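Novice: Please read through the structure below; I'll follow up with questions.
The values are calculated or read from the model by the stated rules, or taken from the named source; none is laboratory data. Note that the structure is predicted; figures quoted are calculated from it, not measured. Note: ideal-geometry Cβ built from the backbone for every residue, glycine included; neighbour counts use all protein chains shown.
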């Protein structure tokens with residue numbers, strides 16, 4: 001026999017604001033309710049139509065003593081609005097989240113007035129409108145439709161093209177076009193040229209502040225170059241061979257007899273005190289755990305002591321010993337576990 005348990009529960013119908021319903025525009029299940037919490041309107045799903053295509057559970061005619069405005073957006077297109085105080089009728093022809101378009105329906109009496117006004121919109125005799133002077137153009141206008149005048153500028157004698165020098169008349173029209181010649185450009189001092197750079201203001205020469213000139217061979221003259229010292233490295237057998245070197249300041253001697261290197265701090269090279277030893281770090285490690293060379297250690301090479309190594313068997317035993325001590329609420333997802341003492345809320349969700 002199945003044991004029946006009674007759980008405390010509350011049912012919450014699917015709900016959201018009118019704006020969120022329109023944005024999500026879901027398809028409600030057949031018979032499913034959708035509630036707009038801000039307009040207090042409801043729609044019932046048919047399992048096929050999107051939310052915005054469904055009708056509200058209300059009448060399609062609004063009856064009141066005022067006329068609708070563009071702020072009355074919470075209605076479907078085609079909604080009728082009756083203003084009893086003014087004896088007028090309005091219909092909604094377009095709507096969005098921020099604005100609605102309502103049109104007032106005309107009466108039979110108003111239709112007669114509209115028919116007469118159509119004739120008054122058109123001139124009995126069309127009139128010509130023209131432009132004269134430096135701009136010419138003409139069109140006709142009878143009031144029944146917009147008219148456009150195509151304006152044509154008079155020919156001033158200038159030819160089409162790209163030019164750097166033009167002549168204009170008192171009305172600002174170009175009458176002559178030319179290209180610049182060298183005579184049109186005034187003499188400029190270096191102070192007037194902003195992008196010439198600092199080199200343009202210096203002379204070529206060997207004086208202080210002068211620029212160095214490259215010769216015909218593409219090289220700089222030796223006269224303006226300082227003497228250069230080039231460091232050489234010498235491999236020698238012993239001290240005697242090192243002191244016999246024809247060395248310059250900065251040269252290095254590598255001695256094979258003691259595996260040391262020396263640098264000459266000053267000449268002459270024959271003076272032993274002029275050679276300084278280059279110090280190298282001394283490696284103190286000779287072996288690791290009794291091994292030399294490229295050493296790789298594993299757990300079998302080092303005793304455990306107080307540090308217990310990880311093994312699958314130890315991990316499984318530790319988990320089984322501690323897991324039984326935990327309650328379902330202490331689990332990482334314990335908040336999602338259902339209990340008999342919980343109160344369940346059946347929530348239809350938002351749009």
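Novice: Taking the stated definitions as given, is residue 166 in contact with a helix residue (DSSP H, G or I) (Cβ under 7 Å, 6 or more places away or on another chain), more than 30 Å from residue 127 (Cβ to Cβ) and surrounded by 10 or more Cβ atoms within 10 Å (Cβ to Cβ)?
Specialist: Here the answer is no, as residue 166 does not meet what is asked.
Novice: Report, ordered by the first and then the second residue, all pairs with beta carbons closer than 7 Å, sequence separation of six or more or different chains, a first member in the stretch 157-168 that is outside any loop (DSSP other than H, G, I, E, B), and a second member that is surrounded by fewer than 11 Cβ atoms within 10 Å (Cβ to Cβ).
Specialist: 165/179; 165/180; 165/184
Novice: Which ones in the stretch 137-163 are under 28 Å from residue 184 (Cβ atoms), within 47 Å of the chain's Cα centre (by Cα) and surrounded by 10 or more Cβ atoms within 10 Å (Cβ to Cβ)?
Specialist: Within the stretch 137-163, 163 is the sole residue that qualifies.
Table: residues versus (1) surrounded by 11 or more Cβ atoms within 10 Å (Cβ to Cβ); (2) modelled with pLDDT of 80 or more; (3) outside any strand (DSSP E or B).
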{"position": "38", "(1), (2), (3)": "yes, yes, yes"}
{"position": "48", "(1), (2), (3)": "no, yes, yes"}
{"position": "58", "(1), (2), (3)": "yes, no, yes"}
{"position": "69", "(1), (2), (3)": "no, yes, yes"}
{"position": "72", "(1), (2), (3)": "yes, yes, yes"}
{"position": "101", "(1), (2), (3)": "yes, yes, no"}
{"position": "111", "(1), (2), (3)": "no, no, yes"}
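Novice: Same structure again: Pairs only if they're at least six apart or on different chains, beta carbon under 7 angstrom, first in the stretch 275-288 and over 26 Å from residue 241 (Cα atoms), second at pLDDT 65 or above and surrounded by 11 or more Cβ atoms within 10 Å (Cβ to Cβ); list them, first residue then second.
Specialist: Filtered contacts from the stretch 275-288: 288/295.
Novice: Which one is modelled with the highest pLDDT, of the residues in the stretch 267-295 that are touching a strand residue (DSSP E or B) at 6+ places or on another chain (Cβ under 8 Å) and assigned to a loop (DSSP other than H, G, I, E, B)?
Specialist: It comes out as 269.
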